[in-house]
Structure formats: structure tokens, C-alpha cells
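Peer 1: Sending over a structure as C-alpha cells; questions will come in a sec.
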């Protein structure tokens, strides 16, 4: 039996800075593009517009295929645009947005010169399916024309009355629309038209904000790109493993996050700047947060800002989207789960969203699980999650409040009537329940060049499982508080500082064996030994208080060149048993030089620390004397935008790790009694490599990316011991993703992954344990061999039907399309004299339908 | 825990079927080691305790099996897999008959070893008991197999030494297999193997059984009368006889989880 567990494994996390972005808003008179001379027909030109922190357009590029004449006209018009700057945490920031100009053959009448004639036809223009209001679209009738405003409304004046007229809307990206109307004499006719998009995309965004890059290694993936990625079953969170620098840990790692070679637990996932303890149901089946509430996934593999701490690896920020004012919702059914969402705005400034998901695989398993076997199903696998979001911003107020409640629960129960061959101790119940509830309240305030954002969160965490004679019960009641103040001292200098406090109170009871507490170095061995002594821990309280303060300056030395020095101080206080305190001070510095619109250089150097967690600082799991682990991180890289919508990032990185917490066989004498030391800080390690990301950002039809990581991660567990690989060292990690929208609303995508096999530990023999009728392996050098290379192709086909008020998406998601059974981990016969491999999943097709309005 | 669940799923779904099963005896094997008495209980009024260690060591090819036992000089449970015991980290124990040896704490070498132990670390644990590790090597022709057994040393606070359980018989397909005799079984037939035991001296004991055969397929290596989490469980397993006629030898071992062990051997003729 290879099973093992880590107490507190999911309880340790840290708070982070909120990152929600308010998009820029156009100001001033509408900017119209001149219809270019010498061309004919209609055109739609989508631009990428860079807007600086003052709201001015700093750069413009064409994102759509070349349309001579129209492109130049659109570029010229775009340079006249002016905006209210985008805000992030109340602070103006530079962003890149998409902006479209539509051209029709006859130049529209200027809106600034309204006709004196009365309004004959007034209307509202929406997109079919999404009911999104369409702005900037020309509506023509009887020689008159008008553009829809920001609310999708238009008015035509002076149309002939009492005769049939043809209304024509020819908008690029949409099917040509015609309607025949008769204007009553002396009256105004009100209409609502809905345009059929050529390529259905419920997420096609007019404006996409991109956060100003303070971290030099930040990758942002909009949810629009992730929803239909093959193999993800529509769950955006599953694409995290597809990003450069992230190791594939499933299935042996159960979906743990391993970034740039660091051990699991060194990297965390945040939702709107707050940690989320369990990202997936049952390891990797689906995310614990509804993907329809999300806006983007941001990945920072290293050299992150001083606002993050208590981490030596990397982090993932999952951002929720701004709630819509219009009613919206969806229902999704596939073979294993159903989910739904509704949202709307019941009052000005008030927005609500409610989402939920539940698996129904338990109903299926109950029907098909064989009875009378050695294994019985006592609690069929069940999971659910739900989210409630309320945003309130009184019109005209400088304050905004956001409330977010999350809940998630997973349960499983099995009964093993006969002990496992591998471990005679293992029989009886296997029960697992993991769950959490979070209540988050965020307040934002801004006045002039100063802003303050405060986030408070209460978290309740439950980890309960019984694995035969071993059991573990953890109830966590955690409090988090983060407050961040920003001040723009000048156009060249801004300051940010804050406090970051977490208090985790864990009630723990356990019956366990020390070899059951897996650590780095144990993932590729054969699990706990059956002759290890059992330890019973009566219910105890463990408290970890970790207040921190940090400050950072953002200094623009010259146009395009910015440096960001930062400093963070963390304190870790453990109580009530053997109370003790440790502290770290970690300086950081990063620099970014945007040479021009197409090329940027970036570099960073910083010290990072991570206080002992997962029970490492508490007996009987660990040792209160252990110190925080430390890591020096350095990154050097470049970003290139060779073509519109194409992004290339190349980064070299190095991490030097010290004070790593490792096992020790030492014994100490306390009050005349001997006791094992268990853990100390004798380990050192290093991780270095190269990450390449080539990405085609989402356009109307195509998106994709290629992520490649070349890396090595190794460590020395104790002075004098040989250097060895980390458990998830993967020399080569290549992921290629592409998705294309065909005509008639078909979309086809593929994901190909080729990854070096994980390290493995050879076994040279075995000793028979007569009291347990089991064999004890004799290991060779730890992680000195590898399992074969992993490769897999996943394919997804979508067909969308668009109706007036809703859309229906049917999809076929095929996991492991060419049915290559990956060899995941070593398997042995009873006395370790025969070797084979555990095989991964076969081809798995999943059918699903999703209706949204 | 996610790893535990993931690996459990692997074990349930993806365990390679081509690997040799532990219940199939096809080469030199040690199937159990029994100590009589099962524990070493210190008696302040009497001599130092001793116990006789015996191995259930079999070689289906018929080669003569010999055993070498040694008391390991390392105290405590969970010995390193590469501990040289028997060898430089062990004190060889004298033979006490076929496949047996005598562990006598009065042996001057053992007394000398005990005198070197950290009394401060050992004495407080004696009331609960400390495991003494015995290493062994079984040899049959060119085959060799080594392992560890443990026997608990304790004071008499918890009473006399734990008695070994008694395995009284084995039902094969609802027939009690005679000791020294041979049942007749049809080829490719599935029958139950039901171990029979004498009443327990302590009802709280949890018996675990192991089943071995030289041919055919045993459905589960192990059974128990009570699971680790307290549920009653069936002690039988199923055996499917081989396709061709041959004599098949069975061994069943019972362990009480407190060091007590017993076993029996039976045979059937497959027609």
C-alpha cells in the first residue's frame, strides 16, 4: 500500500493582495473612424490599445487580419481615444484592451449633429444568445443611419411614414440583419434587434484588462481561453498544470501544485488574493469554484512581489470577474456533475451571483458497484460546492464592498473486508471527507492618488479520514486580514505597503505512523512500512499566528524602465504547546525595461521564506525547533510581441534553497527521557532552468499556446549525503494547446503534453517481516531513475446553437485520444523481485451540454 | 490525503495483473515465524526468560531448507531494511531443532549486549514492552531469503506471556482437509478455504489469516475476523483449482496481532 497523508496539508496558506481590475472607460465625444477612400464594403477592425495610467493611448496595434485602408483608418481614430484610467485596487494602472471599429460603406452621419426631425425609429441592439448590448454598430434605413451608443441604443430620424422601409445592419462578425418596418404616422416606433454572431463566443470580451506587470514572471490567461481547452472539461482551474514551470503531479501527487521544482506546499493558489485551501474536488476531478465566476488565471512562478510571503515556491492567482448588470445564468450537465449559476443586479450599484455544483457519480456507482466483493462502497464519492457573491457600490461613492461566500465538500467511504495484500494493517473502513467554508469581505476606498483595500476572511476547514487503523481529524478555524495602502507620490514614484495577518487554529486528533507522514522524497517510494509504531494523538489544539508587514516602491527611472524594490517582515508564532516564535526579513528587487512596444527585458532577485507548516513545528508530527525554510530566487528574461496577438516569453531562473526541513534519526534527552528529534533544517537544494511561452491570444477564431520548461531540481537532504532529484523533477515539460472556431459554430481544440517521467527510486531487494507477513523493500539511491516519458493528446469538439435569448453548447471532450496508457509509477510484486508500472487512464470521452442565458 | 486517495485509486484500478501473487508459493519462502512463548516476560523472582523461534519455511521444489537466526543488536521497531542481521549487527542464536533456534536472554552475550543499552531509554518502556528484533536467513539449495521477526520483551505488569493462537483445521469446499491426508478436487473448481481456530483466550484479539498454495488462484492473500476499524468480517477466501491434475499444498497462518502465531499445512489432489 503506497497511501500516505500529510496532516494540515491543505491548511497552510497565506493571504495576498487583491487584484480586481476596473476596466478603463471611454470619455469625451465618441470617436468615429473615417470611411477610407478607395475601398468598398464593410469591415470590422479589432485593435489592441495600450492605455497608460493617465488614461491616454500609448500604443495601438491591429489584432484582426489585414484589411488595407480600414486598418489605417482605425489606427488613426484609435489614437484620438481618451479614457478614464483602469483601476486596480483603486489605483490607476496601465492596461491593454481590445477595441473595435466597424466600417460600413456609407459614412455615418455624425452623432454630434442631430437632425431636427423627430425620432422615427428607436431601438436596442443585442447579440443573440448572450443578449449582450452592442455598441458602435451602424443601423441604416431609408438613407438614414445611426450608430448604437454604449447601451446599444440607436435612433433614426425623419424616416418616411406609413410605408414599409428596410432596416439593415451589416456588422462585421455578425450575419447581415434586415427587418421591414412601417413607421406610424406622427409616432415613434420602438424595436429591439438581435444580431447573430458568426462565431459564437459567450466570452468574447470587448475589453480585457491586463494588470500592470510588477512581477516579472506573471502570465495571465483569460477564462475565455480556458473554457474549451481539451481535457479540462470546461474547468479553467485545470489548466494550471499546462503553464510553463508547473509540473504534472497527477495522479501520484493528487493535483498538488509543484512550481519550478519546489516541493508541494511551497506554492499556493489564491482566489481574489485570498488563499483557497482545496483547489479541486477529489484531487483533480473538477475545481471547487465555479469557472463561470472567474475572469482570469494569473500565474507567478517566482520572484513575486513583497505583498506575498510565507512561500518559497510560486503562486497562482485566480481572479473572479466583475458581475454583470443584466440577468445571466447557465446550467451545465455532463457525465459526472451538474452545475448552474444565476446573477443579476436587483438595484443600482448592487450585484448578486449564486452558483452551485454537485456530482452525481455516486448515483451511478451505487448502481454499478459490485456487491459481495472484498471492497464495499459505504459512501459513494460525492462532492459539491457553492458560491455567493454580493457587490455593492453606492453610485458616486468612493467606497465599494464585496462579499463572497464559498463552500465545498468531498466525501468517500469504502469498506475493505479483507486486508490488503500489501499491508495487513489495512482493512475496514476507508473514509474521507474534506471541505471548507469561507466568508470574505472586502472594502475598497480611493481618494485622489491614495487608496486603501482591506480584506477580512473567516475560514472553516475540515479534513477527516480513516484509512484502516490510521485516522486523522482536523477542524480548522482560521482568520485572515490583509490591508493594503497605495500612494502615487508622482508620475514616477508610487508606494504600496500593507499588513498581512493569518491565524490558523487547528483542532487535531490522529492515530498514525510516522512513515505515513509523507514528505519530499517519499512520493516515489513504496509507502509506509507496516512495522512502524502507531502513535495516538488525543485531541489537541495547534495555533499558528503569522503577522507580516511589507512595503514596496515602484520607481520609473526613465520611460519604459521601472524598478520595484520591496521588503517584507514575517513573524511566525506557534502555540499553545511549546510556544515559540521565529521571524524573517526578506528583501526583493525587480526591474522591467520596455524597450519598445514589441520588446521588454526583465530581471528579479529576492529572498523568500516559508514558516514551518503542515505540523512540522508541532509534536508529535514535527519539531518546534525547526526554522523557516529560505530561498533566493533570481530570474532573467525577455518578452517579445513579434505580431499582433502573439506573445513570446523566455525566462531563465535559479533558486537556491536552504534550511530545508528534513527528517533526522537523532534522539534528544529532555528531562531525563529520550525522544526523537524527528525534523531539523539540514537540507539544501537548488532549482534552475528555462521557461518558454509562445502564445497566440484569443481572437475571433483561434487561440493557443506552447509552453516549454527545461529544468533541474535537486537537493542534499543532509551534509555528506549525495545530491538527489526532487520528487517531481521533470527535465522537459512541453504543452501545446490550440483551439479553432469553424463556421456554423463548430469549435475544435487539442492539447498535447509531452513530459519527462517523474523520478523513481530503484529497489534492490527486500526483507521479509514475519510478524506482518509483508516485505520491506531495500531501496537504492533515492530518485535515481525515472518512469517513462508521459505523453497524451486530448481533443474537444464543441457545437453551439444560438437562440434569441440563450445559447446551447454541446461538447465532446476526449481525454487521452489515442489511448496511450501512461506508465505512472513503479509497481512491484509482493517481494519486490518483479517490476511493472501502474498504468494511467485509458481513453475517456465525456459528453456534456451547457445552456446559458 | 489527496495522494492517499490517488494511490488507492491506482491500486484498485491499475495494479498490474501480471505480477506474481504472494499467495502463490513457487520458490523458497518463509511464511511465518513463531515464538514459543510468544513474549519474553521478565520475572524478578526467576531466571531471565527465553523462547524458541520456529520458522514455517518451505521450498516447493523439495530442497532442504535451513534457517539461521540472530538477535539484532539494534533495539526498537522498524529496523533498517539493510541491517546486517544476521551478520555484524546480530548475535547468532543456537539451533533448537529443525528450522528453530533458542533465544535465551540469559545467554552471556545477550547479557553483555543489554549492559551496553541506554537504561534510561529502555527501562521506562519495559512495562509496555519493547520489541527485540530477530534477523533470519533461510537457505534452500541456491535460494536464500532473509527477514526479520520481533518478539516483545516486557515486565509482568500486564500478566503472563500471550499464548499463541491455535489453528485446528482447514475446510476446503465444506470438507475438513485431513492432516497428512489428501482431498480430491475437480480441476478449475472454485471452493472456499475456511480456517478453523480454537476459542480465543481474549475475545478482543483480532485474528488475521494468510493463505498460500502451490497452484491455483487464491482470491485474497489475507482475511480477518475483525477489521482494523472493528467490523466483523468473513475469514474465508476462495481458491480456484488449476486446470490440470496435480497435488496442491496449502498453508494457512494465523496471527493475533500481539506476537502470537500458528499455522497448518494441508494438501489436495486436483483431478
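Peer 1: Give the stretch B:224-246 a look and list any residue that's in a strand (DSSP E or B) and either in contact (Cβ under 8 Å) with a residue 24 or more places away in the chain or surrounded by fewer than 15 Cβ atoms within 10 Å (Cβ to Cβ) (or both), or say none.
Peer 2: Here is the first cut: in the stretch B:224-246, the ones in a strand (DSSP E or B) are B:224, B:226, B:232, B:237-240, B:246.
Matches in the stretch B:224-246: B:232, B:237, B:238, B:239, B:240, B:246.
Peer 1: Which condition breaks for residue A:169 when tested against (1) touching a helix residue (DSSP H, G or I) at 6+ places or on another chain (Cβ under 8 Å); (2) modelled with pLDDT of 75 or more; (3) closer than 27 Å to residue A:46 by Cα?
Peer 2: (1)
Peer 1: Within the stretch A:647-667, is there a residue that is outside any strand (DSSP E or B), crowded, with 17+ Cβ neighbours inside 10 Å and modelled with pLDDT of 90 or more?
Peer 2: Going through the stretch A:647-667, the residues outside any strand (DSSP E or B) turn out to be none.
Within the stretch A:647-667 (the criterion being outside any strand (DSSP E or B), crowded, with 17+ Cβ neighbours inside 10 Å and modelled with pLDDT of 90 or more), the answer is no, since none of the residues qualifies.
Peer 1: Taking residue B:184 as the residue in question, decide whether it is without any contact (Cβ under 8 Å) to a residue 40 or more places away in the chain and more than 30 Å from residue A:673 (Cβ to Cβ).
Peer 2: No.
Peer 1: Please state which of the following conditions residue A:277 fails to meet, knowing it meets all the rest: (1) over 22 Å from residue A:384 (Cα atoms); (2) within 14 Å of chain B (Cβ to nearest Cβ).
Peer 2: Failed condition: (1).
Peer 1: In addition: Could you say which residue among A:54, A:61, A:25, A:2 is within 14 Å of chain B (Cβ to nearest Cβ) and either over 27 Å from the mean Cα position of the chain (by Cα) or modelled with pLDDT of 65 or more (or both)?
Peer 2: Numbers: A:54 fails: within 14 Å of chain B (Cβ to nearest Cβ); A:61 fails: within 14 Å of chain B (Cβ to nearest Cβ); A:25 fails: within 14 Å of chain B (Cβ to nearest Cβ).
Selected residue: A:2, the only one of A:54, A:61, A:25, A:2 that is within 14 Å of chain B (Cβ to nearest Cβ) and either over 27 Å from the mean Cα position of the chain (by Cα) or modelled with pLDDT of 65 or more (or both).
Peer 1: Being at pLDDT below 95 and part of a loop (DSSP other than H, G, I, E, B) is the filter here; which residues of the stretch B:164-185 pass it?
Peer 2: Scanning the stretch B:164-185 gives B:173, B:174, B:177, B:178, B:179, B:180, B:181, B:182.
Peer 1: Looking at this structure, is residue A:352 away from every other protein chain (no Cβ under 14 Å), in contact with a strand residue (DSSP E or B) (Cβ under 9 Å, 6 or more places away or on another chain), closer than 29 Å to residue A:334 by Cβ and modelled with pLDDT of 85 or more?
Peer 2: yes
Peer 1: Would a scan of the stretch A:547-568 turn up a residue that is free of Cβ contacts under 8 Å to residues at least 12 places away in the same chain, more than 30 Å from residue B:78 (Cβ to Cβ) and part of a loop (DSSP other than H, G, I, E, B)?
Peer 2: Yes: one or more hits.
Peer 1: Quick check on my filter: what residues within the stretch B:204-227 are at the interface with chain A (Cβ under 7 Å from one of its Cβ atoms) and either within 18 Å of the chain's Cα centre (by Cα) or modelled with pLDDT of 95 or more (or both)? Talk me through it step by step, then tell me what you get.
Peer 2: Quick first cut of the stretch B:204-227, residues at the interface with chain A (Cβ under 7 Å from one of its Cβ atoms) only: B:208, B:210, B:220-224, B:227.
Residues satisfying the conditions are B:208, B:210, B:220, B:221, B:222, B:223, B:224.
A quick yes/no check of all residues on (1) more than 10 Å from chain A (Cβ to nearest Cβ); (2) in a strand (DSSP E or B):
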{"residue": "B:111", "(1), (2)": "yes, no"}
{"residue": "B:114", "(1), (2)": "yes, no"}
{"residue": "B:132", "(1), (2)": "yes, yes"}
{"residue": "B:135", "(1), (2)": "no, yes"}
{"residue": "B:145", "(1), (2)": "no, yes"}
{"residue": "B:149", "(1), (2)": "no, yes"}
{"residue": "B:154", "(1), (2)": "yes, yes"}
{"residue": "B:162", "(1), (2)": "yes, no"}
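Peer 1: Still on this model: Which of the following residues is away from chain B (no Cβ under 14 Å) and free of Cβ contacts under 8 Å to residues at least 60 places away in the same chain: A:495, A:480?
Peer 2: Only one candidate qualifies: A:495.
Peer 1: Additional query: Can you go through B:56, B:91 and tell me which one is within 11 Å of another protein chain (Cβ to nearest Cβ), at pLDDT 95 or above, assigned to a strand (DSSP E or B) and farther than 30 Å from residue A:282 by Cα?
Peer 2: Working: B:91 fails: within 11 Å of another protein chain (Cβ to nearest Cβ).
Only one candidate qualifies: B:56.
Peer 1: Also, I was wondering about something else. If residue B:50 satisfies all but one of (1) without any contact (Cβ under 8 Å) to a residue 60 or more places away in the chain; (2) within 14 Å of chain A (Cβ to nearest Cβ), what's the number of the condition it fails?
Peer 2: (2)
Peer 1: Right, next: Where residues in the stretch A:720-731 are surrounded by 13 or more Cβ atoms within 10 Å (Cβ to Cβ) and in contact (Cβ under 8 Å) with a residue 24 or more places away in the chain, which of them is farthest from residue A:244 (Cα to Cα)? It would help to see each step written out before you state the result.
Peer 2: Step one: of the stretch A:720-731, the residues surrounded by 13 or more Cβ atoms within 10 Å (Cβ to Cβ) are A:721, A:724-731.
Retained after the next criterion (residues that are in contact (Cβ under 8 Å) with a residue 24 or more places away in the chain): A:724-731.
Working: A:724: 23, A:725: 19, A:726: 18, A:727: 18, A:728: 14, A:729: 14, A:730: 12, A:731: 12 Å.
This residue is A:724.
Peer 1: OK, next. Of these, A:318, A:289, which one is under 12 Å from the mean Cα position of the chain (by Cα) and in a loop (DSSP other than H, G, I, E, B)?
Peer 2: On the way: A:318 fails: in a loop (DSSP other than H, G, I, E, B).
One residue alone meets the criteria, A:289.
Residues are listed down the side, and each one gets a yes or a no for (1) loosely packed, with under 14 Cβ neighbours inside 10 Å; (2) touching a residue at least 12 places away in the same chain (Cβ under 8 Å); (3) within 29 Å of residue B:219 (Cα to Cα):
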position: B:112; (1), (2), (3): yes, no, no
position: B:119; (1), (2), (3): yes, no, no
position: B:124; (1), (2), (3): yes, no, no
position: B:129; (1), (2), (3): no, yes, no
position: B:156; (1), (2), (3): no, yes, no
position: B:162; (1), (2), (3): no, yes, no
position: B:195; (1), (2), (3): no, yes, yes
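The values are calculated or read from the model by the stated rules, or taken from the named source; none is laboratory data. Everything numeric in this text was worked out from a predicted model, so none of it was measured. Neighbour counts are summed over all protein chains in view; Cβ atoms, including those assigned to glycine, are modelled from backbone coordinates with ideal geometry.
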